[in-house]
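Beneath this line is the structure, given in structure tokens, with notes to follow.
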Amino acid sequence: MDYDKALKFANKSQKLYPSQQAEDLIKLIEEKRNSTPTENSESEGVRQRRGSFSRTNGTTPIHKENESVEPAYTPEQLASVKRIKKCKTYYEILGVSKDATDADLKKSYRKMALQFHPDKNKAPGATEAFKSIGNAYAILSDSSKRKQYDVYGEEDVHRPSSNRNGHHRHSHSFEADISPEDLFNMFFSGSAFTYTSRQAERSRRHPHSAFHHRRDRERQGSEGMLSALFQLSPILIMVILSLFSIAMQGEDPYSFRKTGSYSTPRTTSKHGIPYFVKDSFSQAYSGRSLHKLEREIENIYINNLRNECYREQMQREQLRWKARYHSDSKAYEQASNMHLHSCNKLNELFGEG
């Protein structure tokens with residue numbers, strides 16, 4: 001065994017995901033390496049004898065090495081992966097009945113997620129089975145998605161739905177709001193098992209496959225960045241326009257807050273948005289210039305409301321996920337009834353939210 005290489009990967013794992021288990025593993029590898037000092041010298045001796053034989057006879061000796069390779073997985077692990085692949089419903093994947101409670105789902109997921117985790121189960125198809133288990137729990141633990149799933153019947157739970165002609169059906173696709181990796185980390189935070197800890201070993205054993213995985217991740221990251229920039233483009237445009245306006249005018253002619261300089265209250269003529277101006281405002285703005293300024297005020301105001309509304313919605317979803325995770329029905333109800341002030345204001349003024 002190459003203890004130096006094992007120690008290298010163990011140290012790298014400890015840097016990425018510090019844990020007591022990794023530290024214990026490093027100590028064990030160091031003890032093993034120090035207790036077998038003759039291994040490297042024996043290997044060196046073999047190389048020296050091989051080179052001497054080649055120089056003497058002009059031929060290269062043939063060595064037959066009988067290495068006992070331990071199986072990477074057990075027959076039981078392979079059988080369990082095949083069972084998951086044969087399942088037709090999310091309930092079958094988790095091994096629960098259709099009237100299973102949240103506690104039953106959580107108990108089954110904890111057991112199966114550890115059993116099929118790629119670091120523990122190296123049988124072919126274990127990674128896909130692990131993802132199917134995570135997706136099954138994410139759907140069934142969400143009451144609204146579970147109702148839709150029960151109503152629309154069973155579809156292929158292992159891959160995207162498609163008809164006989166190979167065209168995808170988008171009518172009733174059941175997609176989780178959280179990835180299987182994030183779900184596992186949420187359940188077992190601080191555990192020695194992490195979904196990404198197997199990447200180094202996978203890259204070493206299957207470099208061609210690792211290249212494709214890395215290329216897919218880079219492409220997905222690029223697409224996600226472009227999507228984020230596209231969504232933020234209206235805000236960026238408004239920020240640039242605001243900076244340009246400040247550079248041209250030197251100082252804003254209005255403020256949404258009352259200050260010493262901006263003390264005169266006003267409202268826009270179209271939507272009644274309140275704002276404050278200086279005493280000399282009416283001398284600089286009237287007619288078309290006033291109409292243009294108030295349109296700018298309303299655009300900025302509505303963008304601020306949209307941002308606040310999105311933040312409130314994300315906060316509500318996080319509280320709901322946390323309540324579902326802890327099976328706290330009271331907290332879930334409170335999160336669902338959370339007052340979204342900005343969203344309500346947006347709907348009241350502009351019919352959005």
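Values for this structure:
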item: Distant-in-sequence amide H partners of His271 (H built 1.01 Å from N, under 5 Å); result: none
item: At R0 = 25 Å, FRET efficiency that the Cβ-Cβ distance of Ser143 and His271 yields, to 0.05; result: 0.10
item: Under-5 Å amide H pairs with Thr264, H placed in peptide plane, nonlocal only; result: Val277
item: Amide H partners (placed H, <5 Å) of Cys87, local residues excluded; result: none
item: ³J(HN,Hα), Karplus 6.51/-1.76/1.60, whole Hz, each residue of the stretch 299-304, x for Gly, Pro; result: 5, 5, 4, 5, 5, 5
item: Cα-based Lys pair tally, the stretch 95-146, threshold under 26 Å, eight or more apart or on separate chains; result: 20
item: Cα centroid of the stretch 283-353 to Cα centroid of the stretch 110-126, whole Å; result: 42 Å
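Laboratory data are not the source of any read-out in this text; all were calculated from the coordinates shown. Because the structure is a prediction, the values reported are computed rather than measured. Cβ sites come from the backbone with ideal geometry, for glycine too, and all protein chains shown count toward neighbours.
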